[in-house]
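So the structure is just underneath, and the comments pick up after that.
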Amino acid sequence: MLFRSKRFSKRDDDDIMIDVSEEGGVRKLHFGNDDTQSAMKVNAPNELILAYSRCVFGSLLFLEPPQKMLLIGLGGGSIAKWVHEYLPNTHLTCVELFQQVVNVARSMFFLPPDDERLEVITGDGAAHVYNMADESVDMIMMDAYSATGIAAPLASTDFFTACKNKLTDNGVLAVNLWSIDRRFEQYCAQLSEVFEGRLICLPARQKGNVIAFAFMRGQNSPQWERLADKAKKLEAQYGLEFAEFVSDLARMNPHNDRRLFI
């Protein structure tokens, strides 16, 4: 069953085509001919179907759940719904460029209405960060990847620096990247430069997504044993595959047989 929205245009040079498909009880969001942007089980709408969206919460291996979180790029709202359901002490602000995306997330992907813990804003993510004044957050998640890569305003050293300046002392910037993007190494180098080498990458076990975590503080090069113990507790609490996250961290980051270097 295929649903297709009308073309949404705010300016003559700014349009987006949203496709929503459903098969086998799984509903998917696509931007035109792009790959799947979001996926949802209709009978379990808060479950994280796409592996990269689960990897976002690999940050919990290192940090406590954020009290304030900023999400740039909404898609079908999978990450926002999970935060709203499972992190009750987190206030989440989402910034999405297109109002039509917000409309579809709410009408077809069960994104809840705004409340005291969720605020969805239609606007430019980069401008929002630059205009945050003295406000700070514990986590910024950037999920603004498209078929052509990250939009230039969201992929500059200046923007990553602005994100760093808006994080609390123990905060983290998480960025959804695509490992086969020719600019992947460039993005990682920019993040590492801005965050003085405090960067790790967690590859998703699905396609080529990689979540890059850039930390305000070093994490004292945690022992694998300690990370494994933390993973067990988090799996029991949240039901995500944290043990696999720990294993996959060894694939892309400096380490030895005892420690992850970060």
| When the convex hull of its Cα atoms is projected in every direction, mean area for the stretch 23-171 (nm²) | 9.0
| request: Return the distance in nm (one decimal) between the two label points of a simple spin-label model at Glu64 and Arg183, each offset 7 Å from Cα along Cα→Cβ. | output: 3.7
| field | Sum of side-chain charges, Val194 neighbourhood, beta-carbon under 13 Å (Lys, Arg +1; Asp, Glu -1) | value | 0
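Mind checking the per residue accessible area of the stretch 26-136 for me, 1.4 Å probe, whole number of Å²?
Heavy-atom accessible area per residue stands at 40 Å².
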| field | Descending Cα extents along the principal axes, the stretch 152-216, whole Å | value | 33, 23, 17
| remark: Answer in debye to the nearest 20: the dipole magnitude of the stretch 110-195 about its Cα centre, from +1 Lys/Arg and -1 Asp/Glu charges placed on Cβ, is 400
| request: At a temperature of 4 °C and a viscosity of 1.567 mPa s, determine how fast the stretch 104-159 diffuses translationally according to Stokes-Einstein, using the Kirkwood radius over alpha-carbon pairs as Rh; express D in µm²/s, rounded to the nearest whole number. | output: 95
| task | Just the number, please: Stokes-Einstein D of the chain in µm²/s, Kirkwood Rh from C-alpha pairs, 10 °C, 1.306 mPa s. | result | 85
| Taking the Cα centre of each part, how many Å lie between the stretch 39-53 and the stretch 212-262? | 23
| Once the Cα gyration tensor of the stretch 106-213 is found, what semi-axes does its equivalent ellipsoid get, as square roots of 5 times the eigenvalues, in whole Å, sorted largest first? | 23, 19, 13
| What would the Debye formula give as log10 I(q)/I(0) at q = 0.11, 0.12, 0.21, 0.29 Å⁻¹ for the alpha-carbon point model of the stretch 28-95, no solvent? | -0.27, -0.32, -0.93, -1.44
| Crossing angle, helix 224-238 versus the chain [Cα axis fit, 0-90 degrees, rounded to tens] | 30
| query | What pairs from Lys68/Lys207; Lys68/Lys233; Lys28/Lys207; Lys28/Lys232 go past 26 Å between their alpha carbons? | reply | Lys68/Lys207; Lys28/Lys232
| said: How large a share of the accessible area of the chain, in percent, is made up of carbon and sulfur atoms when the probe is 1.4 Å and the other protein chains stay in place? | reply: 46
| field | Selection of trypsin sites (Lys or Arg not before Pro), the stretch 157-262, meeting DSSP coil and at most 10 other Cβ within 10 Å | value | Arg182, Arg258
| message | Under 19 Å from a point placed 7 Å out from the Cα of Glu85 along the Cα-to-Cβ direction: which residues of the stretch 34-49 have their backbone N that close? | response | 37-49
| query | What is the spread of the Cα atoms of the stretch 146-262 along each of their three principal axes, largest first, in whole Å? | reply | 39, 33, 28
| task | Report the dimensions of the stretch 72-119 along its three principal axes from the alpha-carbon atoms, largest first, rounded to Å. | result | 28, 18, 16
| field | Among Leu167, Trp178, Val120 the positive-end extreme of the charge dipole of the chain (Cβ point charges) | value | Trp178
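The values are calculated or read from the model by the stated rules, or taken from the named source; none is laboratory data. Small disclaimer: the values here were computed from a predicted structure and weren't measured. When we count neighbours, we look across all protein chains shown, and the Cβ atoms used for this are built from the backbone with ideal geometry, even at glycine. Just the protein is used for accessible areas: all its heavy atoms, side chains included, with ligands, DNA and RNA removed. Shrake-Rupley method; radii C 1.70, N 1.55, O 1.52, S 1.80 Å.
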